[in-house]
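J.: Got a structure for you, written out below as structure tokens; questions coming shortly.
The values are calculated or read from the model by the stated rules, or taken from the named source; none is laboratory data. Everything numeric in this text was worked out from a predicted model, so none of it was measured. Cβ placement follows ideal geometry from the backbone for every residue including glycine, while neighbour counts extend to all protein chains displayed. Just the protein is used for accessible areas: all its heavy atoms, side chains included, with ligands, DNA and RNA removed. Shrake-Rupley method; radii C 1.70, N 1.55, O 1.52, S 1.80 Å.
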Amino acid sequence: MAIHNPVGPSRFPPEPSAGKRWLVVSFHGLAPHTQRPCQELLLQLTELGVPRASLFVAPHRQAVESILERPFFLRWLRSQAAQGHEVVAPEGAEVLAAAGVPACRAELPVAAPTIAFSTRSFLHRAVSPLMARARFAAARRRAVLHVSVHPDDLYERRLRHAFVGVVRKALVDREPVTWGELARAVGSSQV
């Protein structure tokens, strides 16, 4: 007897066959003043086995314009794109592309459970690791898992520890991809 889902059909891709499970790690709020935490995150991700991430430029046109005024940061951003990281610009993708940074808009290919962290208050910092672990457990069987990190998250020891733990557990049976790679994989599997 089949189990009836009272919520209706899932918005997520169908349950994957072996090898069709993905992990997307994204860094949000990328700007010249958040380059250092992003660099530290990318080094840690490489150590964990995540070779590429989706890097979301701060979602303001002024952030993109500030990037163009900082040639060292612009050069660093180009090098990250050349290494396979995906630069996502909700606003100003065409401006970055004109400056030689291949950037895309924030058009996510699928809805995915997201594990995020919060440093807004002491209570948020205390509860956030527990919520991240609970969200991971709830999303364990989904085909796509998204782990979202902001610069401040990386400097809170408990949040960073929870982040590393979630990524390690996810990598046991998931392939790390960027949002663009996921879009291509999902698009090709639906053909």
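J.: Do any residues in region 161-176 that are under 16 Å from ARG52 (Cα atoms) have Cβ atoms under 6 Å from those of residues that are outside any helix (DSSP H, G or I) and open to solvent by less than 30 Å² (accessible area, probe 1.4 Å), where the two are at least six apart or on different chains, and which pairs are they?
T.: Note: pairs meeting the criteria are ALA170/LEU23; ALA170/LEU145; ARG174/TRP22; ARG174/LEU23; GLU175/TRP22; PRO176/LEU23; PRO176/VAL50.
J.: For LEU30, work out the one condition from (1) of a type outside the set (Val, Ile, Thr); (2) within 17 Å of TRP179 (Cα to Cα); (3) at pLDDT 95 or above it doesn't fulfil.
T.: (3)
J.: Got a number for residues in region 152-180 being assigned to a helix (DSSP H, G or I) and either buried (at least 20 other Cβ atoms within 10 Å of the Cβ) or in contact with a Ser or Thr (Cβ under 9 Å, 6 or more places away or on another chain) (or both)?
T.: Number of matching residues: 13.
J.: Any idea which of PRO37, PRO59, PRO71 is out of contact with any Leu (no Cβ under 7 Å at 6 or more places or on another chain) and in contact (Cβ under 8 Å) with a residue 24 or more places away in the chain?
T.: It is PRO59.
J.: Filter region 40-49 for residues that are touching a residue at least 12 places away in the same chain (Cβ under 8 Å) and within 20 Å of GLU156 (Cβ to Cβ) and give the result.
T.: Those that are touching a residue at least 12 places away in the same chain (Cβ under 8 Å) and within 20 Å of GLU156 (Cβ to Cβ): GLU40, LEU41, LEU42, GLN44, LEU45, LEU48.
J.: Would you confirm whether any residue within region 125-145 is out of contact with any strand residue (DSSP E or B) (no Cβ under 7 Å at 6 or more places or on another chain), open to solvent by 40 Å² or more (accessible area, probe 1.4 Å) and of a type in the set (Ser, Thr, Tyr)?
T.: no
J.: Restricting to helices (runs of 4 or more DSSP H) lying wholly in region 42-151: which have 2 or more residues that are modelled with pLDDT under 85 and farther than 21 Å from LEU30 by Cβ?
T.: 122-139
Conditions (1) open to solvent by less than 20 Å² (accessible area, probe 1.4 Å); (2) farther than 26 Å from TYR155 by Cα; (3) in contact with a strand residue (DSSP E or B) (Cβ under 7 Å, 6 or more places away or on another chain), marked per residue:
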| position | (1), (2), (3) |
| --- | --- |
| THR34 | yes, no, no |
| ALA58 | yes, no, yes |
| GLN62 | no, no, no |
| PHE72 | no, no, no |
| VAL95 | no, yes, no |
| THR119 | no, no, no |
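J.: MET1 passes all but one of (1) open to solvent by 40 Å² or more (accessible area, probe 1.4 Å); (2) at pLDDT 90 or above; which number fails?
T.: With (1) open to solvent by 40 Å² or more (accessible area, probe 1.4 Å); (2) at pLDDT 90 or above applied to MET1, the lone miss is (2).
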